[in-house]
Each structure stands twice: as structure tokens, then as C-alpha cells.
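Quick note: the coordinates plus some simple rules give every number you see, no bench work behind them. Here the structure is a predicted model, which means the values were calculated and not measured. All Cβ positions, glycine included, derive from the backbone under ideal geometry; neighbour counts span all protein chains shown.
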Amino acid sequence: MAPFTVMGAARALRGGAVTSVQLAEQVLKRASMVEAQVHAYLTLDSDGLLQAAAEADEALASGGGRGPLHGIPIALKDNMATRGMETTAGSKILAGYHPPYDATAVVRLRRAGALVTGKTNLDEFAMGSSTENSAFGPTRNPWNTDRVPGGSSGGSAAAVAAGTAFGALGSDTGGSIRQPASLCGLVGAKPTYGAVSRYGLIAFASSLDQIGPLTHTVEDAAVLLDAVNGPDPLDATSYPGDLPRSDGRLGRGLEGMRVGVVSDLGGLEAVEPDVDASFRKMVAAMEREGARIVDASLPAAPHALSAYYLIAPAECSANLARFDGVRYGLRVDGATTEEMMSRSRAEGFGPEVVRRVLMGTFALSAGYHEAFYGQAQKVRTLIRRDFARAYEGCDVLVSPTSPTTAFPLGDRTEDPMSMYVSDVFTIPSNLAGHPAVSVPIGLDRRELPIGFQVMAPALGEPVMFQAAEAVEALAGFDTRAPYDPGFGLRGGVR
């Protein structure tokens, strides 16, 4: 059977070594083995996948082929609208909702030839770091099913790590692609804000949300990102100009690259020893490969977590006001319109969503708007300026992706602050609107994956993926380990 990577499968398919139907059957067979334990999917479209795979094979046989992802099964996070397929955002308030249209990213994914396996689980409305906040039950980490896969794109990460999709799309508001990639031993990339259209993405925080890939390799992530990015007239925040190819600098190595090691992101006291040791070992390996290592400073970054938890809840408070029981979604009858709305939201929203809506509503309320939301936006400006200064002397910045490896299910559900700290290293890039990627570099003493984050300036995806590919080669990490014992658990810098 073909290698379980996007491009490995694509090359095997075009070379005639495998058919798209066989790839689909491989995914579905694996899902029948592990999905009951992992619960990566909310909807697994077996019939639709097999039918689309058969059509892909027919097109290829007749000399067709729709794009670089032709015939490859890809999973979608369930906050992206898919025409005719249930789209819930992990919330009871949207249970049974079938959109009449596809999100732009989904349209482009299909145009590139990809086959949709189904919709993956997530923290409700993408609010969480463990995929335990889903109204439909938690997802488990394929490396150790007693532990979380990260979040909020935990279902997408688990599907790829478990072998039930070749790649996946997730969304990243404060680290929701990179943190689960780190915890599940995958490559996960958040592009520049505006690079990928948000049309059809169920909004959490509109100035922060971005769609991006979760894959086994850096090459796969770059190809998947290039398949879905680009201007979109349906999204006023999409970048209107031409975007550089994400894979345009792959294979160039690290010689002469200026790599900034950020020492003041905040939360460093929470970094586990194995994570810190692996990070430092990788930085030393990059230097041996020709990178010039420099100290980089982001003085305002320690305030990023606080700023984020004012800005994101404020925007979610405004965005979730549309779920009122009137137009679509859950409706619980009441004696008055106000009572109906109140009951619908009380039964439809989970506790973490309620918490964030209340936080955001308070931050926007009269008399507090400037003191909280306004101040948070000023911090955001300072963070952007810090990044701009740092990139004057660096091509990329690096840090751990997450301060810890995958933690046990239920370990942080009663302590929201300990959960929020999981994203302390990823949030600054969202506030700045810059791209960042997580690459697996090894295992801790419990044989759980460790992630390494590479950050780049706006529209710097080519140099970001160049550095990430070099890190990937130095690590020699086999991301296929969780789902095929024949590969073994291997990792660590060579």
C-alpha cells in the first residue's frame, strides 16, 4: 500500500501503483479499527468517499486529474460549511444543520481533486485546547488514548495521526492547529491572516481565525496550503494580492539563515524539562547545519495571553449572537421571544462557550470597553511592533510549540487557566497575523510527541516551510508510529 502521506499517495496514484478507491478503502478500514477508541470524526462519509474515489479513478483513467490532491482523502474540521453534510462546530445548538453551500476552502480543496472523508470533532465553536469541550464527546490522542489530542482541531489531528485521513484542514485562532499538531506528532501550519478565505468558516474570533493544514510532512502541509489559499471576493479580509508559493524554498536548507530564539514569550516556567531539552537540542542541530542563531526579544509577548482572552471572547460574543433559535439551529420554545432565545442558548451552548461569551460581553460593555478590550488591542499593536523589530535581524523565530506534551483527559477541565496556558507560545503569532508552523522533533520519556514552532513574518510562508523542512530532516521523526506498529516509535535529533 502507498505511503501514508499526501504526496506519497499522490505519486503512487499517478504512477499506477494504487487506485483512489484503494486509498479510500485503506482509510475506512483503519477507521473501523480505531474510530471507536479515538473518536476523531463527527461525520464519516463512507459512501460519499467511495463514490468520489471511484469517480477520481475514472477521471484519471481517461487522462484527467483535477489537481495536485487528485483522489486523496482529506478530513475537514466540523466548523467549515459543507453543502448537504451536517456541520455542527461541535455544538448542540447546530446539531442537524446542513449548510446549503461549501466554504471557499472546501471548494478549493475539491477543485484540487481532494476527496472529503468527513467532518472531524472539535472543541465547541473552536473554544478549547483539548477537544474535551465538544458537545459530542472528547477525542483521544492516538499516541495514548488516555490523553488529549490538543485542540481545538483535535479531531483533525487525531484523524491524521490515527491514519483515518491522509491530511486534514483545521482552524487556528490562538494555536488550534499547531498545539494539536504538537501533541499528536504532526506538522500543523497557520498561514498569514487573510491568506486563506474564512468564507464558510463558522466564526469564533474574526480577526484571529485562520484555516490551515495538518499533515505528516512539511511538503504535504505546503502543498495542501497552496491548494486552498488565495484571494476571495466573498471574504473582505482575504489578502487581495498574489501569494508566494509555500513550497517555493523547499530543499534549500539552513545555510546562512538567521534563526531567532525567543526567550521572553512568557510561560517558560511551565515548560516541561523534556520539551525544553528537545528544543535546545534542535536549535544546536540547526546551528551545526549552517543556521546563524541569534537572540530575539518580544517584550510584549508575556502579555499576549491576557490580551487574547479579552479580544477573542469579545469577538466570539458578537459572532455567536446570531445563534438565537430563530433562523436555524436548536430552538427551545418559550412564552416570549426573549425566553425562547434564552432557553435555546442555555441548552445549546456548553459551559466553555458560555464562559467566553460572558467574558466578551463584559469586556465590551459600557464603561469597560476601553479599560479591557481597548487596552488589549493596544497590547496587540505592541506585539506586532515587537515582531517587526525582531524580523529586522532574523529570517524566522523559533520556540517550543506547547509547553507540555499531551496531558491526561480530564486533567485540566476544572482549571481553565491551566488549559489556556497550553497556547502561550502560539497566541502571539495569531495576534500579529503572522504564519507559524509546528514540526515534531522527538518524544518525551512517556513516548509522547514534542513540537517545535517556526514563526515567520507576514507572507513569509516560503522561508517558514524552508526552515521547517530542515528541522524535519534533522529530527528524523516518524509520524506514522501511532497507527502502524511496524514502524515503531522513533524520533529525536540525529
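Does a label point 7 Å from the Cα of residue 264, set along Cα-to-beta-carbon, have any residues of the stretch 290-313 with amide nitrogen under 11 Å, and which are they?
Of the residues in the stretch 290-313, 296-303 have backbone N under 11 Å from the label point off residue 264.
Once fully extended, how much extra length lies between residue 336 and residue 59, figured as 0.36 nm per residue of separation less the alpha-carbon to alpha-carbon distance? Display every interim value, and only then the final one.
Details: separation 277, 0.36 × 277 = 99.72 nm, distance 5.54 nm.
Separation in residues times 0.36 nm, less the Cα-Cα distance, equals 94.2 nm.
Report, in cubic angstrom per residue, the convex hull volume of the C-alpha atoms of the stretch 8-108.
Working: hull volume 11.1 nm³, N = 101.
So the per-residue hull volume is 110 Å³.
For the stretch 107-165, what is the per residue volume of the convex hull drawn over the alpha-carbon atoms, in cubic angstrom?
83 Å³
Taking the beta-carbon count within 10 Å as an exposure proxy, list 134, 176 from fewest neighbours to most.
134, 176
If we sort 112-118, 415-421 on the protection proxy, mean other Cβ atoms within 10 Å, highest first, what's the order? Could you put the intermediate results ahead of the total?
Details: 112-118: 25.6, 415-421: 15.7.
Going from most to least packed, we get 112-118, 415-421.
Using a simple spin-label model with points 7 Å from Cα along the Cα→Cβ vector, what separation in nm is obtained for residue 11 and residue 347?
5.5 nm
Based only on Cα atoms, what mean projected area does the convex hull of the stretch 68-148 have, in nm²?
On the way: hull surface 23.7 nm².
In nm², the orientation-averaged hull projection of the stretch 68-148 is 5.9.
Over the chain, what relative contact order in percent results from Cα pairs under 8 Å that are six or more residues apart? Walk me through the numbers on the way to the answer.
Details: 1255 pairs, mean separation 84.5, N = 494.
Worked out over the chain, it gives 17 percent.
Taking the C-alpha atoms of the stretch 371-494, how large are the radius of gyration and the largest Cα-Cα span, Dmax, in Å?
In Å, with Rg to one decimal and Dmax whole: 17.0, 57.
Could you tell me which trypsin sites (Lys or Arg not before Pro) in the stretch 1-68 are loop residues by DSSP with no more than 15 other beta carbons within 10 angstrom of their beta carbon? Let's see the in-between values first.
Numbers: sites: 11, 14, 29, 30, 66; in loops: 66.
The qualifying sites are 66.
If I model a spin label as a point 7 Å beyond the Cα along the Cα-Cβ vector, how far apart are those points for residue 389 and residue 287 in nm?
Once both label points are built, they end up 2.4 nm from each other.
Please grab the % of Cα pairs in the stretch 389-448 that end up more than 16 Å from each other. All intermediate terms of the calculation are to be shown ahead of the outcome.
Numbers: 1023 of 1770 pairs.
More than 16 Å apart: 58 percent of the Cα pairs in the stretch 389-448.
Around residue 244, with a cut-off of 15 angstrom between Cβ atoms, what is the net charge of the other residues, counting Lys and Arg +1 and Asp and Glu -1? Kindly include the intermediate steps, with their values, before the conclusion.
Details: positive: 245, 249, 252; negative: 226, 242, 247, 395, 461.
It works out to a net charge of -2.
Could you tell me how far the Cα centroid of the stretch 375-414 sits from the Cα centroid of the stretch 265-305, in Å?
After rounding, the separation between the Cα centres reads 11 Å.
Fewest to most neighbouring Cβ within 10 Å: what's the order for 323, 387? Please report the intermediate quantities before stating the final value.
Numbers: 323 23, 387 26.
In increasing order of surrounding Cβ atoms, one gets 323, 387.
Out of every Cα pair in the stretch 164-256, what percent are spaced more than 19 Å from each other? Write down the numbers at each step before the final one.
On the way: 1782 of 4278 pairs.
The proportion of pairs with Cα distances above 19 Å equals 42 percent.
Have a look at the DSSP beta bridges in the chain and tell me what percent are antiparallel, nearest 5.
Values: 29 of 44 bridges.
Among the beta bridges of the chain, antiparallel pairing accounts for roughly 65 percent.
Taking the Cα centre as origin and putting +1 on Lys and Arg beta-carbons and -1 on Asp and Glu beta-carbons, what dipole magnitude results for the chain, to the nearest 20 debye? Please report the intermediate quantities before stating the final value.
Values: 43 positive and 54 negative charges, 105 e Å.
Charge dipole of the chain: 500 debye, to the nearest 20.
When the helices in the chain are scored as -39500 (n - 2.57) per DSSP H run of 4 or longer and the sum is shared across all residues, what 222 nm value do you end up with, to the nearest 500 deg cm²/dmol?
Working: 15 runs with 182 residues, N = 494.
So the helix-based figure for the chain works out to -11500 deg cm²/dmol.
Search the structure for amide H atoms under 5 Å from the amide H of residue 118, placed 1.01 Å from N in the peptide plane, and list their residues when 5 or more places away or on another chain.
Answer set, sorted by chain and number: 45, 76.
As a footprinting exposure proxy, order 297, 182 by other Cβ within 10 Å, with the fewest listed first.
Values: 297 14, 182 35.
Ascending Cβ contact count within 10 Å gives the list 297, 182.
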